[in-house]
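Working notes, structure below.
FYI, it's all coordinate maths here, none of it is from the lab. Every value quoted in this text rests on a predicted model; they were computed, and no experiment measured them. Methodologically, a virtual Cβ is constructed for each residue, glycine included, from the backbone with ideal geometry; neighbour enumeration extends over all protein chains shown.
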Ligand SMILES: Cc1cc2nc3c(=O)[nH]c(=O)nc-3n(C[C@H](O)[C@H](O)[C@H](O)COP(=O)(O)OP(=O)(O)OC[C@H]3O[C@@H](n4cnc5c(N)ncnc54)[C@H](O)[C@@H]3O)c2cc1C
Ligand SMILES: Nc1ncnc2c1ncn2[C@@H]1O[C@H](COP(=O)(O)O)[C@@H](O)[C@H]1O
C-alpha cells in the first residue's frame, strides 16, 4: 500500500507574527519556518503504518517555492521514502492546492492520503476535505486513531461532543488531529540519509489546473490589543473585583 | 441574496450556535433559509422555525443524514445549492467536516471561520492563531462560509418560519458510521456558557479537575482545558480550548495552571473578563488577564470555592 502525505511549509508554531505596517500581509521576513505541525503528525502516522508492514511506500508532496524542499527533506528524515515538489511561486488557496493534489493522486494512485487537519498560518482546515471531494474518496477528518484492515480503514475522529468512529473503503483521505501520535525527532544519520532520497520537482503549470485565485485579501491588521489588567493580592480581592468592578458574578 | 444556513443539532436540541450563525447570515442578506438535516428531526425543525430572521425551514429527514457524514451532507447541500448566493454553517467540527467538500464540488473557495461580515462578499477572519485579522473578498458566485459562533450574538426566538420537506437522499457507499462516544455532562456547553473555567498542565492529573468542578457548580460554568491537559489524559479531547480546539468568548474566563501559549490564547482572548491563576508571575497568560492571581492553585481553588 502506498501512502501520500502532503506537507506544508509554515511559520514555526512558537513564532508570534506581526502585521506589516502597510496592512498588506503578515511580515515573514527572517521568520523561522518549519513543517506545519499537523503535517508532521501525518508523516509520523504514515511512517508508523510502514513500520507495521501495513504500507510499503510513503511519498511526501509539498506545493510551493524551492524553499519547501527543506520541509520535504524533514519528512524524508522522519522516514518517508521519496518526495515531490510541485513548484510555484504563487501563494495558492486551498481549492487550488486540492486540485493540484488531485492530479498527484491521479499519477501516484495511493491507497491513502494523510494530510494535516489545518495549516497553522491560514487556519483554513479545508484542503483534505476538498481533495476527498475532488477525487471521490471518502474522508476521515480530525483523526485520533487510524486502523487499516482488509481494504478498509477505521478512523476515530475528534468531534465537538467527544469521539466518532467511521469506516471508509480505501482509497481514502485522512486528516490528522493532535492526539493521533507524537512525532519522533529525526536522528542525525537519518537527516544525512534523507539528503540522498529522491526528490522530483514538477512545475505547477504542467498539471493543467486552473490556478486563478478566487479570494482577494483586502487588508491584514493586528488584532485588538487587550488592555493590561491588574494583579490581585489574594482570593478575597479577586472575588470582590469580580462582583463589584467587573460585575460578572453575583 | 438567498442564504442557506445549515442548522446544527443532536436530534433532540438545536445547538445554540445555530442562532448565532443565523445572525451572521442575516448580515449577508435577508432571505435566510435554514436546512435541518438528520434522522427523526421534526422537533428540530420546529425549534428552528422560531429563530428570528429565518424565512423558511427545509427539512431533510432521512437515515442518510443521521450521523451527519460529510459525504452525504455535502452532496445534499450541493444538490440544494441552486438559487442560493451563500451557503453558511458554523465552524464546528460538523461544519468544518462537510463544508469544504461543498465548496470543492461547486468549484468555489471556502471562507473559513469568519468573525465579521463587511458586506455580502467581504468577510473578516483571523489567521495565524488570531495574531492577524484578514479582510477578504470573494469573487465566487456562491459564497461558502463557515462562521465562528462566538463572534456573533444569537438571534431571538420571535420568528415563525414555514417548514418544508426536502426530498433528496444522498448515500455514500464508501463511508459509514461505526460508533460515537459523546461526553455526558450536566454543565452548559463550552461554546455556549457565560462562564468558563479551564485547567492546564498545572492541574497535575484528572482527579484534580474536581477542584474546578466545585467552582463550576457554584458559578454555573462550563469546564475547559489546555491542549497539555488533554494530551496528558487529564480530560477529554472535546474540552480543549484554542486555535485548534474550541473557540470561546464567555463573560468570564478563568484560566488555572495554564501558561498562555499563543494557541491557547487564540481560543479565549475575546472573553469579556479574563482571570488567571498561576504560580509563575511571568506566565504570559497574565498579559491578557484582567485579574491575575499569583498563587498555588491547590491553595487558591478551595479558598475561591468557599468564598463564592
Ligand atoms: C499545532 C498546535 C496546535 C495547538 N493547539 C492548541 C490549542 O488549541 N489549545 C491549547 O491550549 N494549546 C494548543 N497547543 C499547545 C500550546 O502550544 C501549549 O503547549 C499548551 O497550551 C500548554 O498548555 P498549559 O498552559 O496547560 O501547559 P504549560 O505551558 O506547561 O503551563 C502550565 C502552567 O501551570 C502553571 N502551574 C504549575 N503548577 C501550578 C500550581 N500548583 N499552581 C498554579 N499554577 C501552576 C505553570 O506556572 C505554567 O504556567 C497547540 C500546539 C501546537 C503545536
Ligand atoms: N502548499 C501545500 N503543499 C502541500 N500540502 C498542503 C499545502 N497546503 C496545505 N496542504 C495540506 O493540507 C492540510 C490542511 O491545510 P489547510 O486546508 O490550508 O488548513 C495541511 O496540513 C497539508 O497537509
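Table for the structure above
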read-out: Using alpha-carbon coordinates, inclination of helix B:93-105 to the longest axis of chain B, degrees; value: 40 degrees
read-out: Acute angle (nearest 10 degrees) that the helix A:94-108 long axis makes with the longest principal axis of chain A, alpha-carbon atoms; value: 20 degrees
read-out: Cβ neighbours within 10 Å from other chains - mean over B:171-181; value: 6
read-out: Angle between chain B longest axis and helix B:70-80 axis [Cα atoms, degrees, rounded to 10]; value: 40 degrees
read-out: Rg/Rh ratio calculated on Cα atoms of segment B:190-307 (Kirkwood radius); value: 0.91
read-out: Translational diffusion of segment B:2-165, µm² s⁻¹ [Kirkwood Rh, Cα pairs; Stokes-Einstein; 20 °C; 1.002 mPa s]; value: 139 µm²/s
read-out: Chain A - Debye-derived log10 I(q)/I(0), Cα point model, q = 0.14, 0.16 Å⁻¹; value: -0.93, -1.15
read-out: Neighbouring partner chain Cβ atoms per residue of B:134-142, average, 10 Å criterion; value: 5
read-out: Segment A:1-133, Rg to Rh (Cα coordinates; Rh as Kirkwood inverse mean 1/r); value: 0.98
read-out: P(r), alpha carbons of segment A:202-250 - 5 Å bins starting at zero, rounded %; value: 5, 12, 11, 10, 8, 7, 6, 6, 6, 6, 6, 8, 8, 1
read-out: For residues of A:239-249, the mean tally of beta carbons on other chains within 10 Å; value: 5
read-out: Bins of 20 Å from zero: percent of alpha-carbon pairs in chain B; value: 33, 53, 14, 0
read-out: Choice from B:212, B:105, B:58 with maximal GNM fluctuation in chain B (Cα, 10 Å cutoff); value: B:105
read-out: Spatial separation of Cα centroids for segment B:45-119 and segment B:197-249, in angstrom; value: 30 Å
read-out: Rg ratio (alpha-carbon, reference 2.2 N^0.38 Å) - segment B:262-308; value: 1.21
read-out: Spatial separation of Cα centroids for segment A:122-169 and segment A:24-80, in angstrom; value: 19 Å
read-out: Cα pair distances in the protein assembly as shown, grouped into 20 Å bins until the bin that holds the longest one, percent each; value: 22, 55, 23, 1
read-out: Overall Cα dimensions of segment A:130-187 - principal axes, largest extent first, Å; value: 36, 33, 25
